[in-house]
Amino acid sequence: MIKTKSTKTLVTGCQLLVMFFCFGILGCGNSNKEDVTFKIATFSPEELQYPTREVLIPDTYKMEFRKNFFLPWEESPSKLMSSLKSFPGKELSYLQKYLDDDAWYGENKKPHTREQREEIVNNISTENFPNFLKQGIVIAHTDLRRIPTNRPGFDTYSKAGEGYPFDYFQETNLWANTPVLLVHISKDKLWCYVISPYYKGWVSTHDVAIANEDFREPWSRKNFCLPLSDDISLQNPLSHYAVNAKVGMVLPYEEIPGNPEKVMVYYASADENQNAQILKSEVKKDQVAFNSFSFDRDHLEPLVSQLLGRPYGWGGTLENRDCSSLIRDLLGTYRVWLPRDSKDQIDVGHKYELPEATDAKIRQIQKAGTPFLTLLRKKGHNMLYVGNTPQGEPLILHAIWGLKTSYSNEQLAHLLEAYPIEGIHEKEDGKLSGRHIIGESVITSVSIGEGNGKVTLPLIEEIYAMTNILEK
């Protein structure tokens, strides 16, 4: 991300409206006005190309999933610290960069002041890093942050594709039950720097607990299952604490004698000393995926249906999913491990560089792609290939914020330069860039964006690579 400061000139709503009419933007006097109706075709889960027979996920992949997920517990703290740089996320030195940067904008659309930045940075003692080093567990769905604050860090709001929801301090969401290594505690004890299976960064200490050996041993040796929806409430009759399960969340379980239709799953909470304790909840067996969960139409289609239409969430904002976490959670249900970042996911498995020509690109996807096990990538965005339309157009499942829009209007460009309007900005080539918001997980063709008067660019033109996850 390249952050730049912009100078905004204040103007009253009446003045701006008058100028709009003068330039012919709102009035019928603008003879060059184009009436653009965006056409975004979406598809239903029933239209996808599911495997005709069950695809077997090799045990090596399932073992890798378990190894990576429990890494913060099964590697010694000293070994994890020695490889700290290899984990995605920012190190403590990033705090100084934040302190020296006055181009971060808050929820009030104003820059973070020097005093605000100093307050956050001075809350962390870097001289005695690390000052904790204890194994722990996430006890509530939580945000892992680049710096120890819940206040957002936006780029300038006047640029298309910036502002909400793109809080660049948000690294990822961690579902409850995620093992972590607790590394460093802030001075006020409200924030903890952790190493998680996916990322390193800051989490609220209220959302983690210390996992001693008595807790870890029975927890980690249990078989585990994964929820098939985001709407399962895990409740223990002896506790007032509950947590809603999430697709991609790992749940250790045990059988219930005499009750073949349910299992007892584990979820973590904390006692008064912030030590982890196990709570148990009964769930129906058809609500979770066990190790034998079949990779076929009967099981994939309901899972896709559960994930479809969910709001887009940059970095897991508001417990929603972005492009990479949608794919990670879906395939994680089958114990296929994927990194959290989209740029890292595309390097898993066998990667193909795609030709530039659109027709050749589509033929390559059709020829080498495996539905539900092939990722497609454009810069900053991953998509899951899910088969073809009857006409042979590749289909994709993806969580997408929006399509880039591009306009050419010299008068409007000059106006926006003086009076920036949120969501549209002038690029170096003189065109105006904006966004057509989709804001959720959808099934579309790879040509989404085509045919809108060239205001939106077909996605296929930006797709440059694909990877087959199970192909080495």
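The values are calculated or read from the model by the stated rules, or taken from the named source; none is laboratory data. Note that this is a predicted model, so its numbers are computed, not measured. Here the Cβ is made from the backbone with ideal geometry for all residues, glycine too, and neighbour counts use every protein chain on show. We work out accessible area using only protein heavy atoms, side chains counted, and drop any ligands, DNA or RNA first. Shrake-Rupley method; radii C 1.70, N 1.55, O 1.52, S 1.80 Å.
Some points to look at:
- The modelled label-to-label distance for the pair Ser447/Asn244, using points 7 Å beyond Cα in the direction of Cβ, is 3.8 nm.
- Charge dipole (segment 45-130, unit charges on Cβ, about Cα centre) - positive-most of Ser76, Pro130, Ser93: Ser76
- Classified by the C-alpha gyration tensor, the chain has an oblate form. Its axis ratio a/c, with a ≥ b ≥ c, is 1.5 or above, and a/b does not exceed b/c.
- Applying 1/(1 + (r/R0)^6) with R0 = 30 Å to the Cβ-Cβ distance of Leu84 and Leu470 gives a FRET efficiency near 0.50.
- A DSSP coil position with no more than 11 other Cβ atoms inside 10 Å describes the following trypsin sites (Lys or Arg not before Pro) in segment 290-395: Lys379.
- Shape category assigned to segment 164-227 from the gyration tensor of Cα positions, a/c cut at 1.5: oblate
- Of the trypsin sites (Lys or Arg not before Pro) found in segment 66-139, those that fall in a DSSP loop while having at most 14 other beta-carbon atoms within 10 Å are Lys109.
- Helix-derived mean residue ellipticity, 222 nm - over the chain, DSSP H n ≥ 4, -39500 (n - 2.57), to 500: -5500 deg cm²/dmol
- Were the residues from Ala368 through Asn150 laid out at 0.36 nm apart, the gain over their Cα-Cα distance would be 74.1 nm.
- For segment 311-365, the alpha-carbon radius of gyration amounts to 1.38 times the rule-of-thumb value 2.2 N^0.38 Å expected for a compact globular protein.
- Exposed-loop-free span, longest in the chain, where GluC sites (Glu not before Pro) count as exposed if DSSP calls them loop and at most 15 other C-beta atoms lie within 10 Å: 128-260
- Cα-based shape type of segment 248-385, given that a ≥ b ≥ c are square roots of the gyration tensor eigenvalues and the cut on a/c is 1.5: prolate
- Per residue value of the accessible surface for the chain (all protein chains in place, 1.4 Å probe), Å²: 47 Å²
- Sparse packing (at most 13 other Cβ atoms within 10 Å of the Cβ) combined with a DSSP loop state is found for the following chymotrypsin sites (Phe, Trp or Tyr not before Pro) in segment 264-307: Phe290.
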